[in-house]
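Notes follow once the structure below has been shown.
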Amino acid sequence: MAQDAPPMQVELERSGGQLPTFKPKYVVATDSLSSEECHELKRLIEKTNFFRQPKQFSETGLPDAFKYKLTVQEGGQRHSVIFHDEDGHPEQIDAIADWVRSHASHR
């Protein structure tokens, strides 16, 4: 990652589904990414206008739907968005969540 860029941390928590007690958490910190990965993640967040997204999208009535909490922390900003499977949230939110799952350390 570029030395002059402020570090960013992105967390994705998942709950619900058929095993609601299993709540995996995925964490990505930009200071542990390559420069290319860092730029890709930041591009996804900017494209989504993440910090202007609502804190929660509508609840879902689907049985066994997953609930996600996506949190981005950069500098002094921290914003979380809660969304569910098929609740009408933007596809770009899913793109960030998928990216985090594929690049994160799993807790």
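Read-outs throughout are calculated quantities, based only on the coordinates presented, and are distinct from any laboratory measurement. Since we're looking at a predicted model, the values are computed, not measured. Reconstructed Cβ throughout: ideal geometry from the backbone, glycine too, with neighbour counts over all protein chains shown.
Need one word for the chain: rounded, prolate or oblate. Basis is the Cα gyration tensor (sqrt eigenvalues a ≥ b ≥ c); a/c below 1.5 gives rounded, then a/b vs b/c decides.
It is prolate, given that a/c is not under 1.5 and a/b is the larger ratio.
How compact is region 57-107 by the rule of thumb for globular proteins, expressed as Cα Rg over 2.2 N^0.38 Å?
Rg over 2.2 N^0.38 Å, computed on Cα atoms: 1.23.
Please work out how many pairs of lysine residues in the chain are eight or more positions apart (or on different chains) and have Cα atoms closer than 22 angstrom.
Number of lysine pairs found: 13.
Using the Karplus curve 6.51 cos²θ - 1.76 cosθ + 1.60 with θ = phi - 60°, what ³J(HN,Hα) values do you get for each residue of region 23-38, in whole Hz, with x for Gly and Pro?
Taking θ as phi minus 60°, the curve returns 10, x, 10, 10, 10, 10, 10, 5, 6, 10, 9, 5, 4, 5, 5, 4 Hz for region 23-38.
What are the ³J(HN,Hα) values, in whole Hz, obtained from phi via the Karplus relation 6.51 cos²θ - 1.76 cosθ + 1.60 with θ = phi - 60°, for each residue of region 44-52 in sequence order, with x given for Gly and Pro?
Once rounded to whole Hz, the list reads 4, 5, 5, 4, 7, 6, 3, 5, 10.
Nearest 5 percent is fine: what portion of the DSSP beta bridges confined to the chain is antiparallel?
The answer is about 95 percent antiparallel.
Label-point separation (nm) for Q73 and R52, each offset 7 Å from Cα along Cα-to-Cβ?
So the two model labels end up 2.5 nm from each other.
Got a sec to turn the phi values of region 88-98 into Karplus ³J(HN,Hα) couplings, 6.51 cos²θ - 1.76 cosθ + 1.60 with θ = phi - 60°, whole Hz, x for Gly and Pro?
x, 5, x, 4, 5, 5, 4, 4, 5, 4, 5
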